[in-house]
Structures are given as structure tokens and as C-alpha cells.
Amino acid sequence: MLRSELDRLCKVSLIGQPAVGKTTMLKLLSQNVIDRIYLPTHGLDLKTVKFDKYILKIWDFGGQGAYFKCSRDHLLGSDLLFVVTDSSPRNVLNSRELINYATHFIGKDCPIVAIANKQDLVKKDGRMTPDRVEDLLQVKTIGLTAIDPEERMRLVEIIRKELNHIAIRRRLKEVEL
């Protein structure tokens, strides 16, 4: 790869419990058709998405415990980590454990953003609001309904903001060297 391509390359990792919407979020970003059939991710799925001037390598990790324990080496080098939860109380608490686990393998400057997914079910299904999820997880949290294609632009804006911060950090590191 050319140096200019490497400067534009960013690794985005998606982690979370099974069936929380990680793959649906990946489909939303890559503008693939979002179907309502649940097929669990086995191991990991890797997609490349061109985004503004960036090339995103998005790593979607299977949520089953056996896969996640094997994923620690794959978390290394992440520029941005999304922790996806379905906003149910049990899942939010499990997400706190995932955040604690992942922080051992990502860099200190890698932002962690929680996605409080399935917000369309909040009122009727006992799920938590993004503010409540943020209070419990203690990381920046964004509410999302990943099955809604209209949400793509919101997700794109979130990533754009984080990528701008990443670009600034990279330039600062280059100046330090």
C-alpha cells in the first residue's frame, strides 16, 4: 500500500453480545440490504467501506463467548471501537464487561463508543434510553435503530466526527516522532 493509502486506512471494530445488531450496523454502513432474518456471525466478518477520504476496515466480531475470547488479537490496532448493545438491562451490563475486557487490547487513544441499538423497542420492550445506557457504561453512547436505513446518515456523522479526531491524533504523533 502507498503511504497516502495507509494514512487514510482506519480499523473499526464492532463488539457486543449475540443478536444485538452488529452485523445489521455493518450492513447499514456498507449500504447492503438489511433483512430481518437473524443469522449469527461465526468468527468474524470483515468489510471495507470507503467513507469520505477514508478507507474503513470494519471488523464485525461474532458475539458468542467462544469467538470473542479469540478476538483479542484482532482488536489490536483498532482506531475506533463500537460496543453494540440491544439496550436491554442484561445486555447493557454484559457490555460493561466487554468494555473492560477490550480496553486491555486496544490502544489508550482508541475511542470507545457504545451504540444503544434497537431504540425502536425502548417503550414497548423495557429497553433503556441512550442516556441511561451511557450512565451505566460510562462511555459516549449513541441511540440507534440499525434496521432503519434512514439512520445511516446519523451513523456516518458519528464516524466522521471520530475519524476527524483520529486524524488529529495521528498528525500529533507524527510531529512527536
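Screening 90, 127, 132, 171 for residues that are assigned to a loop (DSSP other than H, G, I, E, B) and either hydroxyl-bearing (Ser, Thr, Tyr) or farther than 20 Å from residue 27 by Cβ (or both) leaves exactly one candidate, 127.
Checked across the range 61-69, the condition of being modelled with pLDDT of 65 or more, among the aliphatic types (A, V, I, L, M) and either within 20 Å of residue 152 (Cβ to Cβ) or in a helix (DSSP H, G or I) (or both) holds for no residue. The single condition among (1) surrounded by fewer than 19 Cβ atoms within 10 Å (Cβ to Cβ); (2) in contact with a Pro (Cβ under 7 Å, 6 or more places away or on another chain) that residue 153 does not satisfy is (2).
In the range 127-177, how many residues are among the acidic types (Asp, Glu) and in contact (Cβ under 8 Å) with a residue 40 or more places away in the chain?
2
For the range 110-124, filtering for residues that are part of a helix (DSSP H, G or I) and either free of Cβ contacts under 8 Å to residues at least 24 places away in the same chain or under 14 Å from the mean Cα position of the chain (by Cα) (or both) leaves 2. Note on the range 31-60: residues that are within 22 Å of residue 10 (Cβ to Cβ) and either at pLDDT below 70 or in a strand (DSSP E or B) (or both) amount to 18.
The values are calculated or read from the model by the stated rules, or taken from the named source; none is laboratory data. As the structure is a prediction and not an experimental result, all values here were calculated from the model. Glycine also receives a Cβ, built like all others from the backbone with ideal geometry; neighbour counts cover every protein chain displayed.
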